[in-house]
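The values are calculated or read from the model by the stated rules, or taken from the named source; none is laboratory data. Values in this document were obtained by computation on a predicted structure and should not be read as measured data. Note that we place each Cβ from the backbone using ideal geometry, even for glycine, and neighbour counts take in every protein chain shown.
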Amino acid sequence: MNILAFLSAIPLHRSCHVGFSPNIANRLITRNTTLSKTRVRFMPFTTISSISPPQAKKEDSQGELIKLIKAKGAQKAVRRIVTILEEAEARDGEYSDTNVRPDSFVYNSAIRSLIRAERPDLAHDVFRLRRSAQIKRPDDIQSDPTIAAAIIRSALRDAKKRSVRLSISDEVFKDLKEDCDALCNAPLSDKDALVRDVPRMALAFCTLISSFLDAVHKGNSVKVGDMERGMLALTYLQKISKEFEKTAAIEVREYNEAIRTLGKARLINSVFDILDIMSVCKVEKNNVTFEFIANSAVRQVQFVTGAVSMDTLPEPLGVEVAFVGRSNVGKSSLVNMVCNRKALAYVSGRPGKTQQFNYFLVNENDPKSKFFFVDLPGVGYAKVPRHIQEDWLHFMSQYLQYRVSLRLVFHLVDGRHGALKDDRELMSQMGAIRGAFDYVIVLTKMDKIAKQKVKQSVIDSTRAALRRNGCADDVPIVLTSAQSKLGRDDMWRHLQAALRPMSHTKEAMKEFKKGNT
Ligand code: GDP
């Protein structure tokens, strides 16, 4: 492509950034003395959008007019990019240093420039050109799903022309899906290509989930359509991650972004899908991940009732998660750590009575994600008369056996002391019942135990206590610390399993459609 022609098409102002590689720029500068760095600054991935007219002086009576003319100049220059690339592709003949054949880098730079100039339509034109060149000369031009995703994102953000926006995003999305299918069917022998393309493809779909759902959220587009596309992007992300496990090394922040947007769209199951993908791809979650997970899953907490017997329990909701442990075991601290709150309403609103099941309703206003979180005081922990203790034990046993909505019981045990008499009593109840719910032992305050040996002995003695009391060998033991935030990942893994209803993405779509028609 003739870069000089390209430059001459651009009305040069004092500062003009053009998206070309520094190599090409340097070659040009040495060959052509009329182009100096002060007139044209070449920077990789910089933007044509900064070809802005110099600020017109207020006192200048012709200021507005000059501004207009110059702005039009910039618009023309932006359009010229497409023409020049078209001409360069059409010219099948000789290419030289100054008449370079566009490669991936040139295309990507041009596309990114046009995106920054807020011209997704033109970026799409260049993308089409790039795609046909890619078919003709695959060695020169590789597919780049992230560029495709960037165009879709830009098109979706463009609030102006709805029809253009939709046709662009649909067309590019179709290309991406095709590429993804092709990649999934590619022979595994082509390892290099897979290692290069899979992460990019996964990243592209990750971006798209956020873009589509953000568009839904901002009311920028046809809601159900974009929702569907977002979900489809998620399915494709799952597909690609499953196919190639470790190769999909997307950075954690991309996942976080997807979690944030899915959470905002109240698609908690899809948030869990992303967590699964992260596990498959062995991506370490960070603080932000947990913040977004917690914000998605626990938006609102409210005390509803204190139950003292089976007939005072509230009507069951779909899911119930119980935390049991004697006072001071670190229950409030743990719940706050898991929910990423300093002090959940449940702490301040917690009624003084310890001898009742305290019911908290989470996400009251969202039928799809609401659940009960139940705070159970420890069995026989309070110094109360024997007959009250017996009533209590009876209630607990009935509850564990007959509460159908109970999905998960976290039994908190102070890591410093291991299972005490009362803990063993509860284990024995659990062992006798072996309910349909998940039973998880949570050792708290593990930061207080420095020595690995001591830690191991607490784990061993807890395991032995479980066994002696008839519990299954696979009851998980999770080590936690509200102080160091140890165990967040494990806690969420169990919560995720409990909170994830049978329905998945398709189900969520149906619900969403119902609510929007
Ligand atoms: P609850 O009565 O079971 O709700 O227990 P709290 O959460 O109120 O905790 C009781 C005490 O243990 C408080 O002084 C907490 O600061 C402390 N604590 C709770 N969790 C931890 C932990 O993981 N590490 C340490 N070092 N202290 C903790």
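Taken over the range 346-366, the criterion of being of a type outside the set (D, E, K, R), modelled with pLDDT of 80 or more and more than 13 Å from the ligand (Cβ to nearest atom) is satisfied by GLN356, PHE357, TYR359, PHE360, LEU361, VAL362, ASN363, ASN365.
Only one entry in ALA498, ALA436, ALA465 is under 34 Å from the mean Cα position of the chain (by Cα) and either surrounded by 17 or more Cβ atoms within 10 Å (Cβ to Cβ) or acidic (Asp, Glu) (or both), namely ALA498. As a summary of the residue check, GLY435 satisfies the conditions (1) away from the ligand (no atom under 15 Å from the Cβ); (2) at pLDDT 90 or above; (3) not aromatic (Phe, Trp, Tyr) except for the one numbered (2). Of the helices (runs of 4 or more DSSP H) lying entirely inside the range 218-303, those containing at least 3 residues that are at pLDDT below 70 are 223-244. Per the listing GLN456, GLN389, the residue uniquely in contact with a Gly (Cβ under 7 Å, 6 or more places away or on another chain), without any contact (Cβ under 8 Å) to a residue 24 or more places away in the chain and in a helix (DSSP H, G or I) is GLN389.
When residues in the range 441-494 are screened for being more than 16 Å from the ligand (Cβ to nearest atom) and in contact with a His (Cβ under 8 Å, 6 or more places away or on another chain), 1 of them pass.
Against the numbered list (1) part of a loop (DSSP other than H, G, I, E, B); (2) of a type outside the set (Phe, Trp, Tyr); (3) at pLDDT 90 or above, ALA343 comes up short only at (3). Exactly one residue out of SER154, SER169 is crowded, with 20+ Cβ neighbours inside 10 Å, modelled with pLDDT of 80 or more, under 27 Å from the mean Cα position of the chain (by Cα) and hydroxyl-bearing (Ser, Thr, Tyr), and it is SER154.
Tell me, please, whether a residue that is charged (D, E, K, R), on the phi > 0 side of the Ramachandran plot and touching a Ser or Thr at 6+ places or on another chain (Cβ under 9 Å) can be found in the range 441-454. Yes, the range 441-454 contains at least one residue that is charged (D, E, K, R), on the phi > 0 side of the Ramachandran plot and touching a Ser or Thr at 6+ places or on another chain (Cβ under 9 Å). Taken over the range 326-343, residues that are near the ligand (Cβ under 6 Å from one of its atoms), crowded, with 16+ Cβ neighbours inside 10 Å and more than 15 Å from VAL409 (Cβ to Cβ) amount to 3.
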